[in-house]
Structures are given as structure tokens and as C-alpha cells.
Amino acid sequence: MDKKKIGREDFEALIKGEKDIMPYIEMDPAAGTYSVFGVRTASNPNYLVKAIYEMYEANLDKKLAVQAVRKLFRSVGMGSVGLQNLLKKFGMDLKPADFLMLVFKLQHQQGWGAPFELVEQGEKRIIIRAKQTFESQVMKDWNMAVCGIHQGWIEGILIAATGKNWFCLHTKCHAKGDDVCEFVADQVESSWKFKAQAIVRGDSAITEYIEHKPLEGKIKLIDDPVVMMPRFIFTSMMNSLKKTMGEMPAGGVNYRAYTDMGKENVEHYKKMGITNPNILADMAFAFYSQMGWFRIIKTEWNEAAKTKTMTLEHTVESEAFGSTGKNVCFCTAGLLAGIVESAFGIKVQGREIKCRSKGDEHCVFSITNKPEKPE
Ligand SMILES: [Zn+2]
Ligand SMILES: [Zn+2]
């Protein structure tokens, strides 16, 4: 089969709508090849799209699964840099919005949903809209904004086209019953603060920002180095301290050490530009929870007693110790106290008042204002 020579005039005709991709499709079933514009491609079966969404949903809720799909397709979108280089070679320098529209025209004609309409284009904001997308049809039964594929794609394409960071909101979705699928892309700073706040708001899970290079022995969580450690480190540490100083003092030492750790953690967030005390505390709670330390069931505030009560499920220590007949969560109590102290700039006393290891349903912690003692 002859390879068609693709040139500038082909793309120009396509952009103008004078041609479609049909003449540029080459299919050779015997060789198992299918190319469009000389680039190898393949069909996008519904079941594959569904499987991707469901793979993420197995570990996340639906909303976060859509975000994980978005991250995956951001990388796919960034691959459009190849097309951009080709166009540049032809002397075509498209504006970011026009480049985005060209990519989606090619996608649409290959079966990825309805054609897009350019609603608004500015240097820092681009809005596009389609009647529906491919994934909004495939994932319709989720009955929510599902178009993570397009969100990520749009971000990736615009990153490739501009070299700057873009964040795309999916403001309307066919799958949740809206009349169109609408996407609002904004050029934004990709800062630590921006990502951390997305985690606290529940728009991202920390897994989106874990950079794990197992062969190099490195893990980073939003640019900060972290380590994984086995949960039994808590029983090991406690037993070792108990041997040297006795059980009560050992609990006290752990409490102190983790108070300091909680404080330092919040100080780090402050250095990253977070100032609101409630966000600081929520951020620390969200991070530790998503790192596997506990799940927060509820938080209550008693104004008269100036006491915060936190009910946690599967704290790291109660899970590590199992049933012991007594409270074991000294580290967690210290951690929570340290977070609140540093976030709100006050002195507090953290105490575990119910513990799973003692036989209670959950671990419950009270964090109370500690009046300044006269020196
Ligand atoms: Zn949609
Ligand atoms: Zn406990």
C-alpha cells in the first residue's frame, strides 16, 4: 500500500471543514494496522473505557476515579506534542485553542463523541462544549460528571501547546443530565498549595500525587520525600520503650514525640503558604488519613468546654496492637494534639477516651484547651 504524503494543505482543508479524515484512513486488516494521517491508531472499544474507570473505582470512590482517569489522559494529551511539531514543520503555528479544536476534530471523526464547539478563547481561559463525549455515553449509568478522559486530554493538549500548566473544570456533563458536556480550562500555577488544597476539598486523592520510583528507592508525595513503613513499627517501638522505662512513661514519650511531629507537619504547610487554621488542620487530618493512619468518622466541637472530640476508625496503633484491654493510641493522640496546637496557635491536651484495643467500637480522642500555667 502506498503511503500517502500528508502536507500542510491537508490539515488546512481539515480545519476549514473542506475535507474529513476519511481519505487519510488506511486500514490493512491482514497486517493488523489502522492509520489516520499516517499515525498508527486503533479503535476505542466501550469495554476498555469502562474497564479503566472501574479499575480506579475499585480503590477510590467514583468521583476520585474520574480524577484518576483524568490524570491518565493528561499524559495521553501531552502526546499531542508530536502533532504540534509536525504542524510547525509545515509552518503552521496554531493558537492553543485552535490546536485543541484540531485535535478534537481528529478524535471526533475517529469516534470519540460529538464535535466540539469553541465557546470562549483567551490567553488564560478556553471554554469548549460538545453535545456529549464518548465517555459520557459509556459511563452514563454513573449519573455524574464522568468526562475525566476529556478533562485530562484538554489539560495535556494545552500543556503540550503552551508549555504552561492548565486546569480543566467539567462544568456540565451529559452523563449527569445536562444538555451539553462543557469544559472550562484555565491556565494555573501548579503549586504545592494548589494540589494540597485539591486533596482537602476531596477533588483529588493523594495517590494522584505519589511519585514512586521503587527501583531508585524513592517515594515523593507532592514533591516531599516520604517513606512507607510497616504498621508493626508501632508495637515494636512501644515494646522497646516499655522495656527501658515502663509502660506509662513510654506512652508519655510517644505522646510527646508525635505532638512534635504533628506540629512540624503543620509548620511545613505554613511554609508552603497555607495560613487559614481550619484548612491547616483539615489538611493534616486529610493527609494522615489518606496515608493510612486512620479514618475520621466524625469531629465534634463543644464550645462551652472548648473541647474537640474526634472519633476515628482503624487507627494505626489499635490495628497494630489488636485487643489488649487498654488504650494504646498514644501516638495518634499526640499527633492530633500537635496538629491542632500548631494550626490554631494554642496549647492543648490530647487524650484518648475510648479505644478499639480496649474493646470500644472506635477510638475517640478529646482535644482540650490547656490554660497557660502561671510560671
Ligand atoms: Zn461530560
Ligand atoms: Zn485507640
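The values are calculated or read from the model by the stated rules, or taken from the named source; none is laboratory data. Computed from a predicted model, the values in this text were never measured in an experiment. In this analysis, Cβ positions are derived from the backbone assuming ideal geometry, glycine residues included, and neighbour counts consider all displayed protein chains.
Can you tell me which of Lys263, Lys243 is farther than 21 Å from Gly338 by Cβ and either out of contact with any helix residue (DSSP H, G or I) (no Cβ under 8 Å at 6 or more places or on another chain) or surrounded by 17 or more Cβ atoms within 10 Å (Cβ to Cβ) (or both)? Even if it seems obvious, please write down each step before you answer.
On the way: Lys263 fails: farther than 21 Å from Gly338 by Cβ.
None of the other options fit; the residue is Lys243.
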Discussion item. Could you list, ordered by first residue, the pairs with Cβ atoms under 7 Å in which the first is in segment 306-322 and within 11 Å of Thr332 (Cβ to Cβ) and of a type in the set (S, T, N, Q) and the second is near ligand 2 (Cβ under 10 Å from one of its atoms) and in a loop (DSSP other than H, G, I, E, B), at least 6 apart or interchain?
Written reply: Thr315/Phe294; Thr315/Cys329; Ser318/Val328; Ser318/Cys329; Ser318/Cys355
Practice prompt. Search segment 163-206 for residues being among the charged types (D, E, K, R) and within 17 Å of the chain's Cα centre (by Cα), and hand back the single one that is farthest from ligand 2 (Cβ to nearest atom).
Written response: Glu189
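So which helices (runs of 4 or more DSSP H) stay within segment 269-375 end to end and still have 1 or more residues that are exposed (fewer than 15 other Cβ atoms within 10 Å of the Cβ) and among the polar types (S, T, N, Q)? Step through it out loud before you land on a result.
Numbers: elements: 277-290, 316-321, 330-344.
Passing ranges, in order: 277-290.
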Fill in: Extreme residue, modelled with the lowest pLDDT, among residues of segment 97-121 that are surrounded by fewer than 21 Cβ atoms within 10 Å (Cβ to Cβ) and touching a Lys or Arg at 6+ places or on another chain (Cβ under 9 Å)
Ala114
Worksheet entry | First in segment 144-165 and in the same structural domain as Arg129 (by TED's automatic domain parsing), second anywhere and away from ligand 1 (no atom under 12 Å from the Cβ) and assigned to a loop (DSSP other than H, G, I, E, B), Cβ under 6 Å, 6 or more apart | Ile157/Ser80; Ala160/Ser80; Asn165/Val188; Asn165/Ser190
Discussion item. Quick test of your reading of the structure: Ile199 fulfils all but one of (1) in the same structural domain as Leu94 (by TED's automatic domain parsing); (2) of a type in the set (A, V, I, L, M); (3) modelled with pLDDT under 95. Name the failing condition by number.
Written reply: (1)
Practice prompt. Provide a single number: the residues in segment 323-347 that are under 32 Å from the mean Cα position of the chain (by Cα) and either within 16 Å of ligand 1 (Cβ to nearest atom) or not aromatic (Phe, Trp, Tyr) (or both).
Written response: 16
Worksheet entry | Qualifying residue in segment 63-71 (condition: exposed (fewer than 15 other Cβ atoms within 10 Å of the Cβ) and either of a type in the set (D, E, K, R) or in a helix (DSSP H, G or I) (or both)) | no
Worksheet item: Can you find a residue in segment 355-366 that is in contact with a Cys (Cβ under 9 Å, 6 or more places away or on another chain) and among the polar types (S, T, N, Q)?
Response: yes
Discussion item. If I go through segment 76-88 residue by residue, how many of them are of a type outside the set (Val, Ile, Thr), under 26 Å from Glu120 (Cβ atoms) and assigned to a helix (DSSP H, G or I)?
Written reply: 6
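Specify the residue that is nearest to the chain's Cα centre (by Cα); the eligible residues are those in segment 22-41 that are part of a loop (DSSP other than H, G, I, E, B) and surrounded by 11 or more Cβ atoms within 10 Å (Cβ to Cβ). Show your work before the answer.
Going residue by residue through segment 22-41, those that are part of a loop (DSSP other than H, G, I, E, B) are 29-32, 37-38, 41.
Checking which are surrounded by 11 or more Cβ atoms within 10 Å (Cβ to Cβ) leaves us with 37-38, 41.
Numbers: Phe37: 34, Gly38: 35, Thr41: 29 Å.
It comes out as Thr41.
If you take the residues of segment 130-174 that are within 15 Å of Lys50 (Cα to Cα) and of a type in the set (S, T, N, Q), which of them is surrounded by the most Cβ atoms within 10 Å (Cβ to Cβ)? Please lay out each step first, then the result.
So the first thing to find is which residues in segment 130-174 are within 15 Å of Lys50 (Cα to Cα), and the list is 133-150.
This time we only want the ones that are of a type in the set (S, T, N, Q), so: 133, 136-137, 143.
Values: Thr133: 29, Ser136: 26, Gln137: 15, Asn143: 12.
Ranking the candidates gives Thr133 first.
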